[in-house]
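Enquirer: My questions all concern the structure below.
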Amino acid sequence: MHHCIVFTAISLLLTPAIRANDAPNEDGYWLCHTINGDPKDHGPDGVTVRDFNADGRPDLLVPFEQGGYSRIYWHPGNESVRDESKWTYIQFPHGGEDAGAGDLDDDGHVDIVLNGGIIYFNPGPEMAASASEWQLMILFKTEARVPIVLDVNNDQKNDLLVAGSVLYHCSAADRRTATNWQRVTLGKTTWAMNAIPHDMDRDGDVDIVVADRNGAGTVWFEHPDDNPLREWDRHIVDDCTQLSFMKVADVDGDGRHDLVITTKRKSGATTQPFVELLRRTNDHGHPTFDHLRIRPPSGDFPKGVNVADYDQDGKNEIFVLPKGSGEWLTEYADEPKDTQDWNDHSRPLEINGWQSRKKMDDVVHIDMDNDGDWDIATTEENSGWGVIWFENPCVGRSNPAKKPQHAGQSGDDVMTAIFDGKTLNGWHAVPKNCASDWGVRNGSIVGRGSADRLAYLAWHDQHLTDFELHLRYRLIGDGNSGVEIRCRPDQSGKRPFEGYHADFGHVGIGPHILGAWDFHFAERTEYPCSRGTRLTVGPDGSFASDKINQPLTLADVRKNGWNDVHIVARGTQFRFYINGKLASEFTDNAKDGRLDDGAIALQIHDRGMTVEFKDVRMKRLTSR
């Protein structure tokens, strides 16, 4: 394991009477910080991360189950995140167990959903800080868990999924009137702990994966191709019904999305807790899994869980929150298929105050302090801790630059800076021996080709799905560069990455490079998608193309000057703009070889060339 995570116990036995933020800021240890304590046990129940006031910072939506209200906590900025007194909030008179968020009325603002059927429409950035300006619409008042905002039928309008199996769909222009919303039952669940949109059979549409406690266990509902507004087929992945939270992630970096679930299983007269890793073993069609069970090294039974490369050593780890005390983390050393390897590398994270926490919730990723590593936001419901976050010590304890924050891991619909203008925090060179080719000068990333090889600078998130990327680039003289999209290591050794490549080079290099899409794959066809082309790849790998009306031309590109790049990757569709003009686009419907997620990476193509990048910003898009 990377040395930036240390598992030695901290001798800090704090109670809520002593704020977590008062703990020594000792490098090498995860720290718990309080956002808002809960001395009256009003029961904060989970965190939803979004930028609700469009200031570029991640805000937190928290429902209070016993208190009967919900709050949006406004992020106070980098320098104040550790000071509980700097966090302010607005409050709504509806609580419940779960909350969700997304744009339900197509006005571009993030609305909130409380207790499943109570919607507050966002009035926009100028009035978001006043709860009275948020317009209320009640679809229903009975409790419905895990509200999810997503586009189910690909009409470019969001629907509302509740309880993992009931859909509310609106085709009317007036989406703020409850009677315009149609209720559709997709299937049956008993007590949904998670409902996760994910293309399980990789046929190009969104399925729903549900952790159904006290019901059928772990199931997925298959999106019907003909009419999604009807009942969906339900498939059981695992029938253990004593489960808590679940995540879908490529745990071991093999390009397949696995399931990670916290469970309790009966063994004779006793009940054994596990974190269960269901490693996917096939690429397409109905998923098949290898089943691994990881035992807790500390604490009571596991509850919250998430997956990321927390220590930035190139491999993912699994972070686990027990119901009460004893956070822990597990990883594999050599063989991800070996249960014993995982169990041998499970370690406790005795984060300050862990002994007094009684009822934790799920693990939510957020780079709270904008230092380039994943912190964790969560809630504690029964012992006064309230709304808290755990600070990852991997990169550092502070980021004095007042840069926009990263607002959540996926589906946040917020444009945020992923280059701080001063350092390469959050980025790494590929291959490692090209690290000296990359640097920062005058607020720009500078790449200089020092050898006859492809050199890349990759952003740390290896599992981006749908997003928009904005950046500016400048080529000094001749050269060839670009941005790798949804890329992953090329196991064939042909090149460092395989993936989709938005290509740009010096003016005059030719339409097959400047403004083109390349398919960088070891085994797939190199489909032609040059500047001015719209390409469609069919399910069987066949392809067709036509011309774009009024595409990017050479006259639109600034030779030796700064050029604006805008890339949109949504589902199977990819668009590439330079200086506001569409350069090329493609749709990849292939069943074999298509990439649904991966990293982004900037490229140096040639020895002796120089390329500069600045204003690098990204917006993760809500699944549709």
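The values are calculated or read from the model by the stated rules, or taken from the named source; none is laboratory data. What you see is a predicted model, and the numbers here were worked out from it, not measured in a lab. Virtual Cβ from ideal backbone geometry, glycine too; neighbours counted across all protein chains shown. Surface areas here come from the heavy atoms of the whole protein model, side chains and all, with no ligands, DNA or RNA. Shrake-Rupley method; radii C 1.70, N 1.55, O 1.52, S 1.80 Å.
Enquirer: For the chain, what is the accessible area per residue in Å² when the probe is 1.4 Å?
Expert: Per residue, the chain has 37 Å² of solvent-accessible surface.
Enquirer: Based on the Cβ-Cβ distance from K591 to A173, what FRET efficiency comes out when R0 is 45 Å, to the nearest 0.05?
Expert: Given R0 = 45 Å and the Cβ-Cβ separation, E is 0.80.
Enquirer: Right, something else. At what distance in nm do the modelled label points of R453 and H291 sit from each other, each positioned 7 Å from its Cα along Cα→Cβ?
Expert: 4.5 nm
Enquirer: Using alpha-carbon pairs under 8 Å, 6+ residues apart, how would you state the relative contact order of the stretch 168-298 in percent?
Expert: Contact order relative to length: 16 percent.
Enquirer: Do any GluC sites (Glu not before Pro) in the stretch 86-176 lie in a loop, going by DSSP, with at most 12 other beta-carbon atoms within 10 Å of their beta carbon, and if so which?
Expert: Numbers: sites: E97, E126, E133, E143; in loops: E97, E126, E143.
Counting only loop positions with at most 12 other Cβ atoms within 10 Å, the GluC sites (Glu not before Pro) in the stretch 86-176 are E126.
Enquirer: Calculate the dipole size of the stretch 245-314 relative to its Cα centre from +1 charges on Lys and Arg beta carbons and -1 charges on Asp and Glu beta carbons; express the result in debye to the nearest 20.
Expert: Charge dipole of the stretch 245-314: 580 debye, to the nearest 20.
Enquirer: At what distance in nm do the modelled label points of D338 and W562 sit from each other, each positioned 7 Å from its Cα along Cα→Cβ?
Expert: 5.1 nm
Enquirer: I've got another one for you. Could you give the dipole magnitude of the stretch 114-256 about its Cα centre, charging the beta-carbon of Lys and Arg +1 and that of Asp and Glu -1, in debye to the nearest 20?
Expert: The dipole magnitude comes to about 760 debye.
Enquirer: Where the accessible area of the chain is counted over protein heavy atoms with a 1.4 Å probe, how much of it, in %, is carbon and sulfur?
Expert: Of the solvent-accessible surface of the chain, carbon and sulfur hold 45 percent.
Enquirer: Stretch Q182-D546 to full length: gain in nm at 0.36 nm per residue minus the Cα-Cα span?
Expert: Extra length from Q182 to D546 when fully extended: 127.2 nm.
Enquirer: If I model a spin label at L554 and D203 as a point 7 Å from the Cα along the Cα→Cβ vector, what separation in nanometres do I get?
Expert: Going from the L554 label point to the D203 one covers 4.7 nm.
Enquirer: Put +1 on the Cβ of each Lys and Arg and -1 on the Cβ of each Asp and Glu in the stretch 579-624; which of I604, F586, L621 then has its Cα farthest toward the positive end of the dipole?
Expert: The listed residue farthest towards the positive side: L621.
Enquirer: Shape verdict for the stretch 265-355, please, from the Cα gyration tensor: rounded (a/c under 1.5), prolate (a/b greater than b/c) or oblate. Walk me through the numbers on the way to the answer.
Expert: Numbers: a/c = 1.98, a/b = 1.26, b/c = 1.58.
It is oblate, given that a/c is not under 1.5 and a/b is not larger than b/c.
Enquirer: Continuing with the same structure: Quote the charge dipole size of the stretch 459-572 about the Cα centre in Debye, to the nearest 20; the model charges only the Cβ of Lys and Arg (+1) and of Asp and Glu (-1). All intermediate terms of the calculation are to be shown ahead of the outcome.
Expert: Values: 13 positive and 15 negative charges, 61 e Å.
Computed charge dipole of the stretch 459-572: roughly 300 debye.
Enquirer: Taking +1 at the Cβ of each Lys and Arg and -1 at the Cβ of each Asp and Glu, which of A163, N560, C32 sits farthest along the dipole of the chain towards its positive end, judged by Cα position relative to the Cα centre?
Expert: About the Cα centre, the residue reaching furthest to the positive side is N560.
Enquirer: Continuing with this model, one more query. Using a Förster radius of 22 Å, what is the FRET efficiency between V507 and Q573 based on their Cβ-Cβ separation? Nearest 0.05, please.
Expert: Taking R0 as 22 Å, the efficiency between V507 and Q573 is 0.20.
Enquirer: Arrange the peptides 283-292, 160-169, 72-81 so that the one whose residues have, on average, the most other Cβ atoms within 10 Å appears first.
Expert: Details: 283-292: 14.9, 160-169: 24.6, 72-81: 19.4.
So the order, starting with the most tightly packed, is 160-169, 72-81, 283-292.
Enquirer: What FRET efficiency comes out for the pair T88/K359, r = Cβ-Cβ distance, R0 = 30 Å, nearest 0.05?
Expert: 0.70
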